[in-house]
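Below is one structure, written out as structure tokens, with a few remarks after it.
The values are calculated or read from the model by the stated rules, or taken from the named source; none is laboratory data. Because the structure is predicted, anything quoted here is derived from the model rather than measured. Cβ atoms come from the backbone with ideal geometry, glycine included; neighbour counts cover every protein chain shown. SASA here: full protein model, heavy atoms, side chains in, ligands and nucleic acids out. Shrake-Rupley method; radii C 1.70, N 1.55, O 1.52, S 1.80 Å.
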Amino acid sequence: MKIKTDIISLIDPSAKLLCESITFDYIDTLNYSAKPDISSYKNILWCLTKSTNSDDVSWYGSVFDREKHLSRFGKNHTVLTDKYLQGINSQIIVENVFGFLKKIHHWVLNQVKPVVIGVTGSVGKTTCVCMLEDLFSKHGKTLRVYS
């Protein structure tokens, strides 16, 4: 689903849009490696996550800090951040990046209204999910989440 800057203003009226009107093809976290191939997307909203909040710790027990990757990032991309960044041409400033991502997540879910199927148990989950994915993909777009 594409996200436009006017939707960002709707979701978070306090967001400061220091960029032109853009339709984003994809939202991603700066330098996050576990993601699909995004080379085909033209306009990506890069989220600069940085937190010292213990609720936001990663799987490895450390806080998120993507700001250190900013120097390798370049100036011609739009960055979602919680503070003004020198040298970045296009940025969207929100009060709380994690809070905004939660808001946009809920907005997208309300637009798409997906059917979600959870598979639990001790044996056969992968086979079951694979069969469900194959079955449902014949009737429309299907997303399989790996964890």
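Looking at region 2-20 only, could you name the residues that are open to solvent by 80 Å² or more (accessible area, probe 1.4 Å), closer than 16 Å to Gln111 by Cα and modelled with pLDDT of 90 or more?
Residues of region 2-20 that are open to solvent by 80 Å² or more (accessible area, probe 1.4 Å), as a first pass: 2, 4, 6, 10, 13, 16, 20.
Still in the list and also closer than 16 Å to Gln111 by Cα: 2, 4, 6, 10.
If the condition is that a residue be open to solvent by 80 Å² or more (accessible area, probe 1.4 Å), closer than 16 Å to Gln111 by Cα and modelled with pLDDT of 90 or more, then Lys4, Asp6, Leu10 are the ones that fit.
Do the conditions hold for Asp28, that is, is it of a type outside the set (Val, Ile, Thr), touching a Phe, Trp or Tyr at 6+ places or on another chain (Cβ under 9 Å) and at pLDDT 90 or above? If you could, list the steps in order and put the result at the bottom.
On the way: of a type outside the set (Val, Ile, Thr): yes; touching a Phe, Trp or Tyr at 6+ places or on another chain (Cβ under 9 Å): yes; at pLDDT 90 or above: no.
Criteria not met by Asp28.
Considering only region 94-108, how many residues are in a helix (DSSP H, G or I) and touching a Ser or Thr at 6+ places or on another chain (Cβ under 7 Å)?
Of the residues in region 94-108, the ones in a helix (DSSP H, G or I) are 97-108.
If we keep only those that are touching a Ser or Thr at 6+ places or on another chain (Cβ under 7 Å) as well, we get 97-98.
Qualifying residue count, region 94-108: 2.
Could you pull out the residue among Thr78, Thr120 that is within 15 Å of Leu18 (Cβ to Cβ), modelled with pLDDT of 85 or more and not charged (D, E, K, R)? Let's see the steps before the verdict.
Working: Thr120 fails: within 15 Å of Leu18 (Cβ to Cβ).
Only one candidate qualifies: Thr78.
In region 113-129, what residues are surrounded by 10 or more Cβ atoms within 10 Å (Cβ to Cβ) and either of a type in the set (S, T, N, Q) or within 25 Å of the chain's Cα centre (by Cα) (or both)? Can you show your working first?
The initial filter retains those residues of region 113-129 that are surrounded by 10 or more Cβ atoms within 10 Å (Cβ to Cβ), namely 114, 117, 119, 124-129.
Once the filter is applied, which keeps residues that are surrounded by 10 or more Cβ atoms within 10 Å (Cβ to Cβ) and either of a type in the set (S, T, N, Q) or within 25 Å of the chain's Cα centre (by Cα) (or both), region 113-129 yields Pro114, Ile117, Val119, Thr126, Thr127, Val129.
In this structure, is Lys42 of a type in the set (Lys, Arg), at pLDDT 65 or above and in a loop (DSSP other than H, G, I, E, B)?
On the way: of a type in the set (Lys, Arg): yes; at pLDDT 65 or above: yes; in a loop (DSSP other than H, G, I, E, B): yes.
It is true that Lys42 is of a type in the set (Lys, Arg), at pLDDT 65 or above and in a loop (DSSP other than H, G, I, E, B).
Taking into account only those residues within region 133-144 that are among the basic types (Lys, Arg) and within 24 Å of the chain's Cα centre (by Cα), which is farthest from Lys2 (Cα to Cα)?
The selected residue is Arg144.
Just to be sure I understand, how many residues within region 109-132 are in a helix (DSSP H, G or I) and either closer than 20 Å to Met1 by Cα or touching a residue at least 40 places away in the same chain (Cβ under 8 Å) (or both)?
Taking region 109-132 first, the residues in a helix (DSSP H, G or I) are 109-112, 125-132.
Next, from what is left, pick out any that are either closer than 20 Å to Met1 by Cα or touching a residue at least 40 places away in the same chain (Cβ under 8 Å) (or both): 109-112.
So the count comes out to 4.
Filter region 90-100 for residues that are surrounded by fewer than 16 Cβ atoms within 10 Å (Cβ to Cβ) and in contact (Cβ under 8 Å) with a residue 40 or more places away in the chain and give the result. Walk me through it before giving the result.
The first filter runs over region 90-100 and keeps only residues surrounded by fewer than 16 Cβ atoms within 10 Å (Cβ to Cβ), leaving 95-96, 99.
If the condition is that a residue be surrounded by fewer than 16 Cβ atoms within 10 Å (Cβ to Cβ) and in contact (Cβ under 8 Å) with a residue 40 or more places away in the chain, then Glu95 is the only one that fits.
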